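A.B. asks: To start, I am sharing the structure in question, which I have written as C-alpha cells.
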Amino acid sequence: MKKKRLIQYYSPNLNFKKVLKALFVKDAKKKTREFYRHLTNKKYILLTSSCRSALYLTYKSMGKGLPVLVSPLTCSSALDPIYYSNNKIYFSDISWDTLNIDIKNRARIPTNVKVIQVIHLGGVPADMETIKKFARKRNITIVEDCAQSFCAKYKGHYTGSFGDVSCFSLIKNAYGIGGGVLATNDYEIYRKAREYQENLEKIPTKVIIYRILRNIIETKRILSVYNYIFTNLMNLKNKFHDEYIDPKRQFFDYVKQPNEILFKIFIQQSFALNINHFNRVNNGLKILKRLASLGVGNNYKYINFKQITPSFTKLFIYINNFDSSVGIKKLNSMGIMAKHLEQKYNSFYQVENNLLERYSSAKFIGSYDKYRKIHHSLVSLPLNENFNNGEVEEIISKLQLVVGKSSPGIG
Ligand SMILES: Cc1ncc(COP(=O)(O)O)c(C=O)c1O
C-alpha cells in the first residue's frame, strides 16, 4: 500500500548536510549584512537574534510612550515589541484585498501618531505609496515589519527599502533557524539599538542545537515516522515552554544577543533561495487561480500582480462566512495542515488580539467589525515549494468540502 504523505504547512528545508556545510561558511555576519544592504538599500545593518529583537531594539532606540499605528490582523510577535518597549498600540483599519494596514480613512488617524508599523502580511506588500505620502506629510516614522515579506517587491522595489527602519526575520522563507536584521539610514537609531543589544543575554547553545534538530525533523515530516517524532517533540516542548511560561518571558526568550551560527545557516540556505522562492510563489499563484475559478476566497483577486511581487511566506485567504475556529480544525482532521494567524505548533486558532490582556488598552481607529469579520473568516493554507499538482488539488478539494456553500463576495 502506498504510504500517505502529509501535506506540509511549511518546510524549513534543512538537513544535516546543509548544517555541516554551514559550519564552514566564512564571514557569515559580513555576508548577511551585505545581503541586506543590497536588499534594502540602507546604510546601517544590525544583525539581531530575531525579528522580534530587531523591532524591540528599534522601539527602545526611539523612546517610550510613542503612539504606534499597526494592523490588528497579525500574530503577537509583531505587537509584543511595541508593548514591551512601553509604547502605545493603535489598531488600524485593514484592506479587504491585501489584508494589510489601510490608512485611507485618514481623518480618523490621531494626530499624535508618531510611528506606523507596516506588516506585509503573508508576503503581500502593503500600499507603500499611500503610506509613504501620508507619513511624510505628518512627519511619521515608518517601521517596516518584513518578517513575512522577505524578497517581496512593491512596484519594483524590495519590501524593506521603504521604511525608516526595516526589520526582518531569518526564519520562514529565509529558511534559517532564527536571527533577524534591523536596517536603517538613521545612524542614531542604529547606534542606540546596537548599544542596547550589547546588554542583552546571549542565546544559550542548547537553544541553537534544539532549533537545528527541530528544523531537520520538521523538514522530513512528510514521512510518518518523522511526523511522529516531531509531534512528540513539540508536545514535550509545549509542556515545558509555551503552556507554562508567561508571555513576557516567552517574548524575551527571543530578544537576546545573536549567535554567528544563525548567519552561517542563513548564508548556506541563501544559495537555494531563488529556486525555492520561485516554486513557492508559483504554487501560491496556482492555488489562488484555482480558488478564483471556484469562487472561493476573495481577497487577492483584486490585487494587481503586475505591480507587486508577493513572496507568499504564508497564503492567507479570507473566505466570506467561513468560521475559522471550526473550519481550520476540520481541514486539520482531513490531513491539511491549515492554520490561523499565530504560527505556533498545534495552535489552530488565535483569539482576537484585543482580547489578550496586554493589548486590551489598544485603541481601534478603524472598523473593529471589519477586523473581526476578517479575523474570524481567515485561513492560512499550507504552502511550500515542494508541492506537486496533486497536492495543490487535494488542498483545493478539501477546502471546497469544508467551505461548502459559503457565499463568495467581499464583506
Ligand atoms: C509579522 C511578524 N512580525 C514579527 C515576527 C517575529 O519574527 P521572529 O520569529 O524572527 O522574531 C513574526 C513571526 O512570526 C511575524 O509574523
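A.B. asks: Based on this model, can you work out whether Y345 counts as among the aromatic types (F, W, Y) and surrounded by fewer than 17 Cβ atoms within 10 Å (Cβ to Cβ)?
C.D. replies: Answer is yes for this residue.
A.B. asks: Further, regarding this structure: Just for region 97-117: of the residues that are of a type in the set (A, V, I, L, M, F, W, C), out of contact with any Ser or Thr (no Cβ under 7 Å at 6 or more places or on another chain) and within 20 Å of A78 (Cβ to Cβ), which one is surrounded by the most Cβ atoms within 10 Å (Cβ to Cβ)? Lay out the reasoning, then the answer.
C.D. replies: Just the residues of region 97-117 that are of a type in the set (A, V, I, L, M, F, W, C), to begin with: 99, 101, 103, 107, 109, 113, 115-116.
Then drop every residue that is not out of contact with any Ser or Thr (no Cβ under 7 Å at 6 or more places or on another chain), which leaves 99, 107, 109, 113, 116.
Of the ones still in play, those that are also within 20 Å of A78 (Cβ to Cβ) are 99, 109, 113, 116.
Numbers: L99: 24, I109: 20, V113: 21, I116: 27.
Once the filter is applied, the top-ranked residue is I116.
A.B. asks: What is the residue count in region 312-324 for residues that are over 13 Å from K172 (Cβ atoms) and either among the acidic types (D, E) or in a strand (DSSP E or B) (or both)?
C.D. replies: Going through region 312-324, the residues over 13 Å from K172 (Cβ atoms) turn out to be 316-324.
Remaining after also requiring either among the acidic types (D, E) or in a strand (DSSP E or B) (or both): 316-318, 323.
Qualifying residue count, region 312-324: 4.
A.B. asks: Let me spell it out: the conditions are (1) surrounded by fewer than 21 Cβ atoms within 10 Å (Cβ to Cβ); (2) touching a helix residue (DSSP H, G or I) at 6+ places or on another chain (Cβ under 9 Å), and L14 meets all of them except one. Which number is the exception?
C.D. replies: (1)
A.B. asks: Scan region 297-311 and report the pairs whose first residue is assigned to a loop (DSSP other than H, G, I, E, B) and whose second residue is exposed (fewer than 14 other Cβ atoms within 10 Å of the Cβ), with Cβ atoms within less than 6 Å and a gap of 6+ or a chain change.
C.D. replies: Sorted first by the residue in region 297-311, then by its partner, the pairs are N298/I410; Q307/K155.
A.B. asks: Could you tell me whether any residue of region 348-370 is closer than 25 Å to I222 by Cβ, surrounded by 14 or more Cβ atoms within 10 Å (Cβ to Cβ) and under 23 Å from the mean Cα position of the chain (by Cα)?
C.D. replies: Yes - at least one qualifying residue is present in region 348-370.
A.B. asks: Can you tell me how many residues in region 162-173 are crowded, with 22+ Cβ neighbours inside 10 Å and out of contact with any Leu (no Cβ under 7 Å at 6 or more places or on another chain)?
C.D. replies: Of the residues in region 162-173, 7 are crowded, with 22+ Cβ neighbours inside 10 Å and out of contact with any Leu (no Cβ under 7 Å at 6 or more places or on another chain).
A.B. asks: Hey, among the residues in region 126-161 that are part of a loop (DSSP other than H, G, I, E, B) and surrounded by fewer than 24 Cβ atoms within 10 Å (Cβ to Cβ), which one's farthest from the ligand (Cβ to nearest atom)?
C.D. replies: N139
A.B. asks: A107 - would you say it is more than 16 Å from I89 (Cβ to Cβ), more than 11 Å from the ligand (Cβ to nearest atom) and free of Cβ contacts under 8 Å to residues at least 24 places away in the same chain?
C.D. replies: So A107 fits the description; yes.
A.B. asks: Moving on. Could you tell me whether any residue of region 26-45 is within 15 Å of the ligand (Cβ to nearest atom), more than 30 Å from Y226 (Cα to Cα) and out of contact with any Ser or Thr (no Cβ under 6 Å at 6 or more places or on another chain)?
C.D. replies: For region 26-45, residues within 15 Å of the ligand (Cβ to nearest atom), more than 30 Å from Y226 (Cα to Cα) and out of contact with any Ser or Thr (no Cβ under 6 Å at 6 or more places or on another chain): present.
A.B. asks: Would you check which residues across region 53-76 are away from the ligand (no atom under 16 Å from the Cβ) and in contact (Cβ under 8 Å) with a residue 40 or more places away in the chain and list them?
C.D. replies: The answer is S61, M62, L66, P67.
A.B. asks: Only helices (runs of 4 or more DSSP H) wholly contained in region 26-125 count here; list those with 1 or more residues that are at pLDDT 95 or above and touching a Gly at 6+ places or on another chain (Cβ under 9 Å).
C.D. replies: Values: elements: 28-40, 51-62, 76-84.
Result: 28-40, 51-62.
A.B. asks: In addition: Of all residues in region 181-227, count the ones that are part of a loop (DSSP other than H, G, I, E, B) and either basic (K, R) or surrounded by fewer than 16 Cβ atoms within 10 Å (Cβ to Cβ) (or both).
C.D. replies: Count: 7.
A.B. asks: Within region 176-196, identify whether any single residue is more than 20 Å from T313 (Cβ to Cβ) and within 16 Å of the ligand (Cβ to nearest atom), and answer yes or no.
C.D. replies: yes
The values are calculated or read from the model by the stated rules, or taken from the named source; none is laboratory data. If you're wondering where the values come from, they're calculated on a predicted model, not measured in any experiment. Note that each Cβ is placed from the backbone with ideal geometry, even for glycine, and that neighbours are counted across all protein chains shown.
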